[in-house]
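Worksheet: one structure, shown below.
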Amino acid sequence: MEYVAYNYFETPKEEAIDLIASAFVRPDFEISNAGKNDPPKKFKGGVNELSALIKDCTDLTNYTFLKNRNTKIEVTIEIHNDPRWEHSSFSISGPNREVVEELCLSLNTSVNSYLCISGSMGLGSSQEWSFLYKNSACPPSILEQVSNA
C-alpha cells in the first residue's frame, strides 16, 4: 500500500525558496532524482542546485519533482504564483506511512504551514484524511477542498 501526505502552506516569496531547498537536502532524505518533469532526472547537488532548479520557472504554477530511490519516497513541490491561489503545497508519497507523515510534518519549520494531512493512495472520493497539523490561520478554502476531496 502507498501512503500520501499533503502540506499546504503560504506561497513563499522567491527568497524563501532557499529554505524549501534546504528542507529537502538533509541526511535522512537523499535526493536521487529532481526535475521539472515527472519522472525527474538523476540529481547530484546540494541546496544551491536544488534552489536554482525550484526557481527555474515562469509558469503560474511551478512544479518540481523529487525522488529518493532508496526509500521510494516521491515529492511534488507545487508553488502557485497566481494570486487567485491562497496556498502552495508539498505532496509526499511512499510505502511507509510513518516516514511520509514525518517528512510532511518536518517541513513546517521551513514554510508557514496551514495544514498537513495524510491518507492512503488511490481511494479517491472515499478518502478519509488524518489531520496531522492545522494552523489557526488556515484559509477556509483549503479545509473545504480537503473535506470535498
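The values are calculated or read from the model by the stated rules, or taken from the named source; none is laboratory data. Computed from a predicted structure; not experimentally measured. Quick reminder, even Gly has a Cβ in these numbers, built from the backbone with ideal geometry, and neighbours come from all protein chains shown. The area values use the complete protein model at the heavy-atom level, side chains included, leaving out ligands, DNA and RNA. Shrake-Rupley method; radii C 1.70, N 1.55, O 1.52, S 1.80 Å.
Listed values, structure above:
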item: Qualifying residue in segment 65-72 (condition: modelled with pLDDT of 90 or more, hydroxyl-bearing (S, T, Y) and surrounded by 15 or more Cβ atoms within 10 Å (Cβ to Cβ)); result: yes
item: Residues located in segment 108-139, provided they are within 17 Å of V4 (Cα to Cα) and in a loop (DSSP other than H, G, I, E, B); result: M121, G122, L123, Q127, E128, W129
item: Selection within segment 16-54 - open to solvent by 30 Å² or more (accessible area, probe 1.4 Å), within 14 Å of L103 (Cβ to Cβ) and part of a loop (DSSP other than H, G, I, E, B); result: V25, P27, D28, E30
item: First in segment 126-146 and closer than 24 Å to V100 by Cβ, second anywhere and β-branched (V, I, T) and surrounded by 15 or more Cβ atoms within 10 Å (Cβ to Cβ), Cβ under 8 Å, 6 or more apart; result: W129/I117; W129/V146; S130/I117; F131/I117; L132/I117; V146/I117
item: Members of segment 73-100 found to be surrounded by fewer than 19 Cβ atoms within 10 Å (Cβ to Cβ) and farther than 17 Å from K36 by Cβ, listed by number; result: D82, P83, R84, W85, E86, S93, P95, N96, R97, E98
item: Top-ranked residue of segment 28-66 - restricted to ones that are out of contact with any strand residue (DSSP E or B) (no Cβ under 8 Å at 6 or more places or on another chain) and aliphatic (A, V, I, L, M), ranked as farthest from W85 (Cα to Cα); result: V47
item: Filter result for L105 (open to solvent by 50 Å² or more (accessible area, probe 1.4 Å) and touching a Cys at 6+ places or on another chain (Cβ under 9 Å)); result: yes
